[in-house]
Structures are given as C-alpha cells and as structure tokens.
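So the structure is just underneath, and the comments pick up after that.
The values are calculated or read from the model by the stated rules, or taken from the named source; none is laboratory data. Being a predicted model, the structure only gives us computed values, none of them experimental. Cβ coordinates were reconstructed from backbone atoms using ideal geometry, including for glycine residues, and neighbour counts include every protein chain displayed.
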C-alpha cells in the first residue's frame with residue numbers, strides 16, 4: 001500500500017469514528033453513563049461513589065502516547081460496537097471513553113522504549129446486566145466489572161492530549177494529598193496510575209468535557225468503602 005493510500009485510509013477511518021460519535025450525539029437519545037453519587041465536592045475536584053460499572057476494555061502495552069493509545073484501543077472497541085462480536089450486534093455508544101494510564105509499568109530498570117500500559121474502556125450499558133455480547137477473539141478485548149468504590153475527579157476542557165492530561169492528573173494528585181492528609185494523616189497518592197474520561201466526539205469543538213479520575217477507595221474518604229481495586 002502506497003503512502004497516499006495509507007493516509008487516505010487513516011483519514012477515512014478517523015472520519016468514520018467522528019461521524020459515529022456525532023450521529024449519536026444528535027440523535028436525540030441521551031448517551032448512557034455510569035451511575036454515581038457525589039460524596040464530596042470542592043471547586044476544583046469532587047469524590048464520587050461509582051456503583052459497580054461494567055466495561056469492555058482494550059489493553060495497549062508498552063505505549064508512549066496517551067493520544068495514540070486511545071486511538072489504537074478505541075479502534076478495537078469500535079469494531080466490537082459495529083458488529084465485531086459473537087452476536088453480530090450493533091451496540092449503542094455510551095460515555096465516557098476511559099483511558100487508564102499505568103506509568104509504573106515503565107520503571108527505571110526497563111528499557112527506555114518500554115513505555116507505559118494503557119487500558120481503553122467502553123462503558124457497558126446496564127441493559128446487558130453484566131452479560132454483554134462477547135467480542136470476537138481477534139479483537140483481544142476483556143470484560144471488566146468494577147466493585148462499588150470511590151473515585152476523585154477533576155474536570156478540564158478542550159481536547160485531551162498527552163500534555164494537558166498529565167498536567168491535570170498531577171494537579172489532582174497535589175489536591176488530594178492536601179485534602180486526604182486532613183482526614184487520614186500523612187498520605188501520598190500514587191501518581192503513576194490515573195484515568196482520563198472523554199465525553200465528546202472529535203467533531204465537538206467547543207464546550208468539551210474531560211475528567212481525570214484517581215481511585216481513592218484505599219483512603220477513608222467520607223462514606224467510601226475501603227476497597228483497593230480497579
């Protein structure tokens with residue numbers, strides 16, 4: 001395949017994804033999102049209790065870019081939604097698309113090219129009651145059901161990119177270290193693992209909503225179960 005053909009294919013692929021999100025947004029149907037209760041709220045962050053959300057997940061190993069990993073992972077999830085499952089079902093889009101970053105997988109002892117592990121997640125609608133259509137094996141997707149636990153959330157606008165996603169995650173870590181110290185004594189939030197939630201299609205140019213998520217279930221945040229998990 002020549003360079004011109006490759007560029008056309010990539011452009012067409014991302015255009016299809018953008019149009020898919022756009023059509024869902026303008027269809028008049030509300031996009032389903034995981035249910036939660038706000039346990040604590042401040043001007044620059046909040047703590048939510050999420051109630052056992054289910055996800056279809058695409059693991060991207062040893063990557064060096066949040067943006068590229070999200071596109072690569074969502075490419076597999078998109079195929080799943082468009083019939084790449086054992087039921088050949090067309091599955092409705094939900095929100096957010098959640099990309100979890102584990103930079104601890106790239107240790108100082110690892111080769112510089114090792115990169116981080118990323119997990120790109122699609123929220124599974126509650127209509128499937130924890131039993132969604134099984135993905136085609138070649139997509140290498142995994143079904144995950146989380147337990148109820150608390151997540152600290154910080155919102156930010158614009159397009160989520162490598163630089164601002166990292167900046168916002170570091171800001172949330174600093175905020176949480178101050179907040180949780182007052183509740184639990186001296187604490188140190190792990191900054192190597194966080195998630196970025198994206199709620200809008202790429203065609204949505206203004207008023208975009210993104211969030212950084214950090215699990216705080218291991219701390220005694222008010223009303224939160226002490227569960228150390230995903």
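Scan the range 165-182 and give yes if some residue there is over 28 Å from residue 218 (Cα atoms), at pLDDT 90 or above and either in contact with a helix residue (DSSP H, G or I) (Cβ under 8 Å, 6 or more places away or on another chain) or not in a loop (DSSP other than H, G, I, E, B) (or both), otherwise no.
no
If you go through the range 38-54 and pick out every residue that is in contact with a helix residue (DSSP H, G or I) (Cβ under 7 Å, 6 or more places away or on another chain) and surrounded by 12 or more Cβ atoms within 10 Å (Cβ to Cβ), you end up with 1. Looking across 11, 20, 78, one residue alone is out of contact with any strand residue (DSSP E or B) (no Cβ under 7 Å at 6 or more places or on another chain), at pLDDT 95 or above and either farther than 27 Å from residue 134 by Cα or assigned to a helix (DSSP H, G or I) (or both). It is 78. Scanning the range 99-116 turns up no residue that is closer than 26 Å to residue 81 by Cα, under 18 Å from the mean Cα position of the chain (by Cα), at pLDDT 95 or above and not in a strand (DSSP E or B). You will find that of 35, 68, the residue that is under 24 Å from residue 173 (Cβ atoms), within 16 Å of the chain's Cα centre (by Cα), exposed (fewer than 14 other Cβ atoms within 10 Å of the Cβ) and at pLDDT 60 or above is 68 and no other. Taken together, the residues in the range 208-220 that are under 22 Å from residue 74 (Cα atoms) and part of a loop (DSSP other than H, G, I, E, B) amount to 2. Residues in the range 38-62 that are under 13 Å from the mean Cα position of the chain (by Cα) and outside any loop (DSSP other than H, G, I, E, B): 54, 55, 56, 57, 58, 59, 60. Residues in the range 126-136 that are at pLDDT 95 or above and surrounded by fewer than 15 Cβ atoms within 10 Å (Cβ to Cβ): 134 alone. Of all the criteria given as (1) surrounded by fewer than 19 Cβ atoms within 10 Å (Cβ to Cβ); (2) in contact (Cβ under 8 Å) with a residue 60 or more places away in the chain; (3) within 14 Å of the chain's Cα centre (by Cα), the one not satisfied by residue 139 is (3). Considered as a group, the residues in the range 210-230 that are at negative phi and loosely packed, with under 15 Cβ neighbours inside 10 Å include one that is modelled with the highest pLDDT, and that residue is 225.
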